[in-house]
Amino acid sequence: MGGKSIFNLDNRRFRLIKKSYRKHLIFIFTLILLGGIFGLAYAATYGVATVTPIDSAPGIGDVIDLTTENSAVGPYDNAPSFPENVIGGTGGRIGAGNLFYIRPHAALRTGVWIQVEMVNRKDLNEYYTSFTENIAVYKFIGTDADNVEQLQNNDNWQRIAGENVMLTLVGGPATFIISYDNVSHDHPLVIALDSGDYYAKEGYTSYPGVVNYCNIEEAANL
């Protein structure tokens, strides 16, 4: 059964830019130093916000922020859920959900290297004793990537790249190397949060939500 795509990329297009690892680190470091001047969005007391590069050339695909729109596309029916009321001295869980939808360009003939990072780790360290996110990458295994119902059918998404990769307050980015046979315009990818938890410090009246950054580059040798 055919379907119309729910993705309107005319005004909400995020391009995945191919750049060196060093430039990627410099970019994130600059974002942190400038406190969000370049579009960094913080959740005041709850929620999982995201930030991606808006530059468009040279692009290797399109990515949609599933925490702000189309959250039912992927292995879950929603975006991750951060508790609305965080109480100091207690712990809690972050509800699983979809983070990013990725559709490579049809001409792409390589694997991809994906990193997901907590760009506001410094803030989280101030307010939390612990904060973890278990990130995974899923591949669309349906027959029609333009069909809305198929994209929203949880059974049409299969986890790839092995087990989840954990993000913590003291670690580095979650890194995935996706081989060419798992990268296709007809079989897009979703980055999802499979689980998460935290323990809040005492002495604060409000707590920041996590801000995740996604970077994708070509992995030509895969």
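Observations
- Mean separation of Cα contacts under 8 Å (6+ apart) over length of segment 74-222, as relative contact order %: 43
- Between segment 151-222 and segment 75-150, the alpha-carbon center distance in angstrom: 5
- Segment 115-121 - phi-based ³J(HN,Hα) in whole Hz, Karplus 6.51/-1.76/1.60, Gly and Pro as x: 10, 10, 9, 7, 7, 10, 4
- Mean accessible surface per residue for segment 132-222, computed with a 1.4 Å probe while every protein chain stays in place, in Å²: 43
- For segment 176-191, the residues whose backbone nitrogen is under 18 Å from a point 7 Å from the Cα of THR143, taken along Cα to Cβ, are 186-188.
- Cα-based radius of gyration for segment 79-150, normalised by 2.2 N^0.38 Å, reads 1.53.
The values are calculated or read from the model by the stated rules, or taken from the named source; none is laboratory data. Here the structure is a predicted model, which is why all the values come from computation and not from measurement. Using ideal geometry, Cβ is built from the backbone for each residue, glycine included, and neighbour counts are taken over all protein chains shown. Calculation scope for accessible area: heavy atoms of the full protein, side chains included, ligands and nucleic acids excluded. Shrake-Rupley method; radii C 1.70, N 1.55, O 1.52, S 1.80 Å.
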